[in-house]
Amino acid sequence: MPFKAPEVFRCPKCNKPVYAAEEVLGAGQKWHKLCFSCGLCKKMLESTTVAEHEGQVFCKQCYGRKFGPKGYGFGGGAGCLTMDSGAHLGNKETAMTNKPNYQAPPNFFLN
Ligand SMILES: [Zn+2]
Ligand SMILES: [Zn+2]
(Lines give C-alpha, C1' and ligand atoms only; values in the text may rest on other atoms or scores of the structure.)
(Ligands and ions follow the chains in the order given, each with its own letter.)
Protein backbone atom coordinates (compact mmCIF):
# COMPACT_ATOMS: atom_id res chain seq x y z
CA MET A 1 0.00 0.00 0.00
CA PRO A 2 1.52 3.26 -1.11
CA PHE A 3 2.34 5.91 1.42
CA LYS A 4 -0.33 8.53 1.40
CA ALA A 5 1.14 11.94 1.86
CA PRO A 6 -0.83 14.57 3.66
CA GLU A 7 -2.36 17.17 1.42
CA VAL A 8 0.34 19.49 0.28
CA PHE A 9 -0.15 22.54 -1.84
CA ARG A 10 2.25 23.00 -4.65
CA CYS A 11 3.60 26.32 -5.67
CA PRO A 12 2.20 27.18 -9.12
CA LYS A 13 5.52 28.73 -10.05
CA CYS A 14 8.13 26.12 -9.12
CA ASN A 15 5.78 23.19 -8.52
CA LYS A 16 7.38 22.35 -5.18
CA PRO A 17 5.45 21.85 -1.95
CA VAL A 18 4.55 24.97 -0.04
CA TYR A 19 4.65 24.71 3.73
CA ALA A 20 2.72 26.92 6.07
CA ALA A 21 5.76 28.88 7.20
CA GLU A 22 6.50 30.14 3.71
CA GLU A 23 3.12 30.29 2.08
CA VAL A 24 1.47 33.28 0.54
CA LEU A 25 -2.07 33.19 -0.68
CA GLY A 26 -2.69 34.61 -4.09
CA ALA A 27 -4.93 33.92 -7.06
CA GLY A 28 -6.63 31.24 -5.01
CA GLN A 29 -3.40 29.27 -4.68
CA LYS A 30 -0.51 28.97 -2.29
CA TRP A 31 2.88 30.26 -3.32
CA HIS A 32 6.32 30.41 -1.83
CA LYS A 33 7.02 33.90 -0.65
CA LEU A 34 9.96 34.05 -3.01
CA CYS A 35 7.95 32.70 -5.92
CA PHE A 36 5.14 35.13 -5.39
CA SER A 37 6.52 37.77 -7.68
CA CYS A 38 5.24 39.69 -10.63
CA GLY A 39 5.32 37.67 -13.85
CA LEU A 40 6.66 40.67 -15.73
CA CYS A 41 8.91 42.83 -13.59
CA LYS A 42 9.67 40.15 -10.94
CA LYS A 43 8.82 42.49 -8.13
CA MET A 44 7.93 40.72 -4.91
CA LEU A 45 4.21 40.71 -4.27
CA GLU A 46 1.97 40.57 -1.25
CA SER A 47 -1.54 39.30 -1.08
CA THR A 48 -2.68 42.91 -0.99
CA THR A 49 -0.72 44.10 -4.00
CA VAL A 50 -1.29 41.21 -6.33
CA ALA A 51 -3.38 41.18 -9.46
CA GLU A 52 -4.06 37.85 -11.08
CA HIS A 53 -4.70 36.85 -14.62
CA GLU A 54 -5.33 33.28 -15.72
CA GLY A 55 -3.40 31.78 -12.83
CA GLN A 56 -0.46 34.12 -13.19
CA VAL A 57 0.25 36.90 -10.76
CA PHE A 58 1.38 40.41 -11.52
CA CYS A 59 1.92 43.60 -9.65
CA LYS A 60 -0.82 46.14 -10.13
CA GLN A 61 1.35 48.31 -12.34
CA CYS A 62 2.20 45.54 -14.77
CA TYR A 63 -1.32 44.24 -14.69
CA GLY A 64 -2.66 47.67 -15.54
CA ARG A 65 -0.23 47.99 -18.41
CA LYS A 66 -0.74 44.54 -19.81
CA PHE A 67 -4.41 43.96 -19.23
CA GLY A 68 -5.71 47.35 -18.29
CA PRO A 69 -7.79 49.73 -20.34
CA LYS A 70 -6.63 50.09 -23.91
CA GLY A 71 -4.55 53.13 -24.67
CA TYR A 72 -2.78 53.03 -21.34
CA GLY A 73 0.54 51.27 -21.42
CA PHE A 74 2.33 49.45 -24.20
CA GLY A 75 3.42 51.78 -26.95
CA GLY A 76 2.63 54.73 -24.76
CA GLY A 77 5.72 55.66 -22.83
CA ALA A 78 3.88 57.48 -20.08
CA GLY A 79 3.94 54.31 -18.04
CA CYS A 80 7.73 54.24 -18.02
CA LEU A 81 7.92 57.80 -16.79
CA THR A 82 5.56 57.04 -13.98
CA MET A 83 7.65 54.06 -12.96
CA ASP A 84 10.83 56.09 -12.95
CA SER A 85 9.55 58.95 -10.86
CA GLY A 86 8.37 56.61 -8.16
CA ALA A 87 11.09 53.99 -8.13
CA HIS A 88 13.86 55.92 -6.44
CA LEU A 89 11.51 56.99 -3.69
CA GLY A 90 10.44 53.45 -3.08
CA ASN A 91 6.94 54.61 -3.76
CA LYS A 92 4.28 52.44 -5.20
CA GLU A 93 2.04 55.43 -5.58
CA THR A 94 3.30 58.48 -7.39
CA ALA A 95 0.15 60.47 -6.80
CA MET A 96 1.66 62.17 -3.75
CA THR A 97 4.64 63.60 -5.57
CA ASN A 98 2.54 64.75 -8.48
CA LYS A 99 0.05 66.58 -6.37
CA PRO A 100 0.24 70.31 -7.16
CA ASN A 101 -1.46 71.46 -3.95
CA TYR A 102 0.91 69.76 -1.63
CA GLN A 103 0.91 71.87 1.49
CA ALA A 104 4.42 73.18 2.00
CA PRO A 105 5.51 74.89 5.19
CA PRO A 106 5.09 78.69 4.98
CA ASN A 107 8.81 79.36 4.74
CA PHE A 108 9.41 76.50 2.37
CA PHE A 109 10.32 78.72 -0.57
CA LEU A 110 12.65 80.96 1.43
CA ASN A 111 15.15 78.26 2.16
ZN1 LIG B 1 7.71 28.09 -5.46
ZN1 LIG C 1 5.25 43.95 -12.27
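The values are calculated or read from the model by the stated rules, or taken from the named source; none is laboratory data. What you see is a predicted model, and the numbers here were worked out from it, not measured in a lab. Here the Cβ is made from the backbone with ideal geometry for all residues, glycine too, and neighbour counts use every protein chain on show. Surface accessibility is based on the protein's heavy atoms, side chains included, excluding ligands, DNA and RNA. Shrake-Rupley method; radii C 1.70, N 1.55, O 1.52, S 1.80 Å.
Overview of results
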{"read-out": "Assigned charges on the beta-carbon of Lys, Arg, Asp, Glu; the stretch 7-59 dipole about Cα centre (debye)", "value": "220 debye"}
{"read-out": "Sequence of 4, 30, 16 from largest to smallest accessible area, 1.4 Å probe", "value": "4, 16, 30"}
{"read-out": "By accessible area with a 1.4 Å probe, ligands and nucleic acids excluded, highest first: order of 40, 34, 25", "value": "34, 25, 40"}
{"read-out": "Distant-in-sequence amide H partners of residue 9 (H built 1.01 Å from N, under 5 Å)", "value": "18"}
{"read-out": "Kirkwood Rh, Cα atoms: Rg over Rh of the stretch 7-59", "value": "0.93"}
{"read-out": "Charge sum, other residues only, whose C-beta stays under 15 Å from residue 36's C-beta, Lys/Arg counted +1 and Asp/Glu -1", "value": "+4"}
{"read-out": "Percent carbon-and-sulfur accessible area, the stretch 7-59, ignoring ligands, DNA and RNA, probe 1.4 Å", "value": "52 percent"}
